[in-house]
Structure formats: C-alpha cells, structure tokens
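Let me begin by presenting the structure, written as structure tokens, before commenting on it.
The values are calculated or read from the model by the stated rules, or taken from the named source; none is laboratory data. This is a predicted model, so every value here is computed, not measured. Every residue, glycine as well, gets a Cβ built from its backbone with ideal geometry; the counts of neighbours run over all protein chains shown.
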Amino acid sequence: MKQLLILGAGTAGTMMANHLNHELDKKDWKITIVDERTKHYYQPGYLFLPFDIYEPSDIVKEIEEFIPKGVNLLKSKIDRILPKENSVRLEDGKELHYDLLIIATGARIAPEETPGMQDEEWHKSIFDFYTYEGALALRNKLRNWEGGKLVVHITEMPIKCPVAPLEFAFLADSYFKHKKMRDKVEIVYVTPLSGAFTKPKATAALDHLLHDKNIHIETDFAIESIDYAKNALVDYSGREVSYDLLVTVPTNKGDDLIARSEMGDELNYVPTNKATLQSQAHQNIFVLGDASNIPASKAGSVAHFEAEILTENILRFIKGEPLKADFDGHANCFIETGNGKALLIDFNYTHEPVEGTFPFPGIGPLRLLKESRINHMGKLAFRWIYWNMLLKGTHIPFVSTSMQESGKHYEEVEN
Amino acid sequence: MTQTKMIGNKAITVNEEGYLVDFSHWDKQVAETIAKEVNIDLSQRHWEVLNFLQDQHKKEVALNIRKVGSSGVVSIKEFYTLFPQGPLKTATKIAGIPKPASCI
Ligand SMILES: Cc1cc2nc3c(=O)[nH]c(=O)nc-3n(C[C@H](O)[C@H](O)[C@H](O)COP(=O)(O)OP(=O)(O)OC[C@H]3O[C@@H](n4cnc5c(N)ncnc54)[C@H](O)[C@@H]3O)c2cc1C
C-alpha cells in the first residue's frame, strides 16, 4: 500500500483530500491528512467579523466535516519533513512515511518581526485582522471606539489576499458612516508599495476610490518599528505616522516547520515550479496554496485553480507520465468597496487585472474592475460557495482554471 | 516607451522610469551620473551594495528589501541611509538593472 500524505487541512489541503479521494485507487493508495487544529476557519470572513457583518459561527466549522470518509485525518502538530527519508516527523516524535507528499501548510502572520508590534499594546491599540483572535478582538474594540485616527497598515509584501487591507479601509469608511461618526474618524492607509495595489491597472482604479472615500494614503513606507509609547509607526528613513488605533497586517511567513525542515526561502516559502506545482528540490513533493513561493496571489481562489491542475499532475506522476505545466497564476478576487458594493478583478502571471465581465464574456453578470452591488453579492455568495463547493473540490460551473481572455479588455504585462 | 540619454559622449537607452534597458550600456560613469541626478555621491559602501545587487541580478534572484537586509552585505537601516527614499528602486536604477517587480 502506498502512502499519500497531505500536510495542512486548510483551504488547499482539504480540496486536495477531496479531489484525490475521488481519483486515487484505494486498493493501492492510502491518503492521510495532518493538521494541528480541529477547526477550519474561513479566512475571508476575518474581513467582515470586525464590522459585525459576520458572526463567529459563519466562519468557523469543524475540519472533520470537510474531510471525506476514505481519508485518514490526524490531529497533530507537524515538527518537520525529512525529505531524504521520505518521512514526516510529528511533534510527539512519531514518523509518517510517504511515497508522495503534498505541502499545504499555508502562511501565518509574524508580528514578532517588527519591534514594538506584539508588545504591551497588542490587541489593545494595535490589532491584526488576519487571525480569528485578532479579528474578534478588533470587533470588540470597534464596538465602543469613540473615534480618532485609524491607520490601516501593511508591513511588507507579499501578504495573503493582498487586497484585504484596502477592503478593510473601505469597509471602515462605510462602518463609521453607518454609525454616524465618520466625521470623528480620520482614515489613513499606509503601504510599502508606491500606490494602492501591486498591479498598475487596478491601482489607478483603487487610488481613485480611496480619494473618493476621503482615505489618505501614505506610500513607500518601509516600517522599522512601532513606538507604542508614542503611538507612532517609524520607517527606516525616520518618517513617522501617528495613530490612535492601528490595524496592521504583519509580515506573512510560511510555517516554521518549513524552516525546521530547511526547505524554505527567507520567508519560509517552499521553492516550487510555478507551472507544475512540483517542489524544486524533491520530485515526490508538491506544494500548493499559500505555502509555495510561486509568484501568484496567496488566495483561496488561486488554491482552487491550483488544486485542479495538481490533481491531474499527481495522477500523471503516479503513472510516470510527464507533468502538465499548466498553471498560469490565475487569481480572481472580489474587492469589497463598502456601502454594499464590490469590484471584481481577474489576473494571472502575464495579464494585468482586466476590465470586462465574468464569467460569461460580454454578459457577466459580474463586472470586472467596476464597483457594483452584484459584485458585493458575489463576495457574500463566495462564503456559501467556499463551504459547500470549493472545499469539497466541486468544479464551480462556468469558471475555468486558466484565465479566459474573451469578454475582457486586458493588457499584457511587460517582462 | 524608451528614450535615449547622453552620458558623456555615450548614448544609453532607458525606459520611461529611467531604468537602463540594456545592461551592456552600463559602466561606472553611467552609475555616477544617475546617482548625481538623485543627489548621491557614490562611496565605497555604495559600490559594495551595487555590486551585490548586480550579482544577484545575474543569478536571477528576485530582489526585495528583506533579502538585501539579510544578505550580510548591508543592513536595511544602512541601505536607507545610503539610498534614501525607496533604496531598492534607487539602487537598482544606479546599478543598471531592472526595477524589482513588486510582488502580488
Ligand atoms: C483577512 C483575509 C481575507 C482573505 N480574503 C480572501 C478572499 O476574499 N478570497 C480568497 O480567495 N482568499 C482570501 N484569503 C486568502 C485565503 O484564506 C488563503 O489563501 C487560503 O486559506 C490558503 O489556503 P492554504 O490551505 O494554503 O492555507 P490555510 O488555509 O491557512 O491552511 C493551512 C493549514 O495548515 C495547518 N498547519 C500549518 N502549520 C502546521 C503545523 N506545523 N502542524 C500542523 N498543522 C499545520 C494550519 O493549522 C492550517 O489549517 C484571505 C485571507 C485573509 C487572512
């Protein structure tokens, strides 16, 4: 009996467990998935929790519910991978042999990377919303906050769902308007980038929205430390930005198990072939989701597109056939813009976010790069799709794995 | 859109943001001229950093501030002192290599 081992039962690992449970012959293969948690968190929901739009029960469910019966689910912290021995060591010292390994241990926030961030003021005047605990603490803070200067901040790129901090700023604007206290709140968006987003086309649209919503933007800010006694962010050139309430996205890193296994880059991401999703160092190891270093967005939608291609590549690998180099970096995200509206962007390795309609060329109903109410409904529907289709590996009707070019106005990216 | 720019009596081609299009046009005089435009006088320390960046570029390593800071060649703090305001953007321009693509 051969062993297929999946590390991490988050978005990507769960999808792979479901796909492979269908595809692999159980006479030959045993599938095991390991995670240290018992709960599955719907991370896109962390954006809505602070504003009382979602409740905890909307975004937390049991991992077990989503792992198919034929797959063995183990609850344990993973200590390290021993790639030369084809084995994984768990925290209690137990070793699991594998013939094929899938790494899907995601990315986490690392507030300890910035001096002053995780000290006395952590979850008092300095918050993150990239964890369940952070988003919940922030919700409680916002419920009673009387106003002042709110700073929404990105520490360094890359981060998961790179538009989430912008969406947070937009949603904050409408939250305070709704509470009839927008005049008591100054909102400042502080970013290490030179504009609102990483892609020029989307940046132009988003810069415009920031301006419309009276959100001031501070660009090229490379944070060195937080002076929490003075309530200020300090950058390497000595520039300071003060705050009353700081909502920061700390440095994102792959899990430390990757460092312990000596398999990662300087941020613990595993070097991975961006088209086949095979690890660059080991043929029988594949990486998907936030854990890899491929230059695609760290997003659930990306993991979904990857999972379809990876499933096929694993079947090919098992049969000894050449891998399909098919992954094109396709990402597709809704961007909440507040007041019940959203934008939708769609892009890949070589194409800028495009304008047009999605998923049907020329018809939509979703409009790319344009604020609309139906896009917002799409974002909310995404939660249902996530729990009921995405995790189970159901193909989403009409949405193809590689990016479609018809019906969209796109520009080729240079280089 | 590219433009031609005269440095001394040599014509070099740069893109719309002023980055060299062809590294073979680069030499020390080009570096010094671009540095002057942003009010930097190149010292020995500057050169050590520029050489490191060029070397990384040759090895096709994607550059970011964190990588430079953990290289042992220069700390992030000193990198900012040497090349104020967007050190990576400025230093790559002087080094004659492409502006690092910001990650997604
Ligand atoms: C605020 C926010 C908003 C977002 N919004 C969107 C959105 O709108 N659309 C979208 O597509 N994506 C969004 N994302 C991104 C999306 O949630 C992630 O890209 C996706 O969850 C990645 O899946 P993954 O399986 O790679 O990692 P995860 O889902 O994080 O799973 C990793 C799993 O590995 C386990 N693990 C890690 N290390 C160990 C260890 N040592 N031992 C045992 N277990 C371990 C963890 O417990 C976890 O269960 C958002 C993310 C955030 C934070």
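Structure summary
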{"quantity": "Candidate set: region B:61-79, residues that are farther than 23 Å from A:Gly238 by Cβ and under 15 Å from the mean Cα position of the chain (by Cα); chosen: the one nearest to the other protein chains (Cβ to nearest Cβ)", "calculated": "B:Ala62"}
{"quantity": "Residue that is nearest to the ligand (Cβ to nearest atom) [pool: residues in region A:69-108 that are charged (D, E, K, R) and not in a strand (DSSP E or B)]", "calculated": "A:Lys77"}
{"quantity": "Selected residue (only one of A:Leu277, A:Leu315, A:Leu288 is within 24 Å of A:Tyr42 (Cβ to Cβ), of a type in the set (A, V, I, L, M) and either within 11 Å of the ligand (Cβ to nearest atom) or out of contact with any strand residue (DSSP E or B) (no Cβ under 6 Å at 6 or more places or on another chain) (or both))", "calculated": "A:Leu288"}
{"quantity": "Selected residue (criterion: farthest from the ligand (Cβ to nearest atom)) from residues of region A:109-122 that are within 30 Å of A:His282 (Cα to Cα) and not in a strand (DSSP E or B)", "calculated": "A:Glu113"}
{"quantity": "A:Leu74, sole failed condition from (1) surrounded by 15 or more Cβ atoms within 10 Å (Cβ to Cβ); (2) modelled with pLDDT of 95 or more; (3) under 30 Å from A:Lys141 (Cβ atoms)", "calculated": "(3)"}
{"quantity": "Condition met for A:Ile215 (more than 14 Å from chain B (Cβ to nearest Cβ), surrounded by 15 or more Cβ atoms within 10 Å (Cβ to Cβ) and under 20 Å from A:Lys379 (Cβ atoms))", "calculated": "yes"}
{"quantity": "Filter pass, A:Glu146 being modelled with pLDDT of 95 or more and either acidic (Asp, Glu) or assigned to a helix (DSSP H, G or I) (or both)", "calculated": "yes"}
{"quantity": "Hey, B:Leu82 farther than 30 Å from A:Asp290 by Cβ and either within 11 Å of another protein chain (Cβ to nearest Cβ) or at pLDDT 90 or above (or both) or not", "calculated": "yes"}
{"quantity": "Only one of A:Ile294, A:Ile215, A:Ile258, A:Ile285 that is of a type in the set (A, V, I, L, M, F, W, C) and free of Cβ contacts under 8 Å to residues at least 40 places away in the same chain", "calculated": "A:Ile294"}
{"quantity": "Residue in region A:11-28 that is part of a strand (DSSP E or B) and either within 9 Å of the ligand (Cβ to nearest atom) or within 14 Å of chain B (Cβ to nearest Cβ) (or both) present", "calculated": "no"}
{"quantity": "Unique residue being in a helix (DSSP H, G or I), outside the structural domain of A:Tyr54 (by TED's automatic domain parsing) and without any contact (Cβ under 8 Å) to a residue 60 or more places away in the chain when the list is A:Ala204, A:Ala196", "calculated": "A:Ala204"}
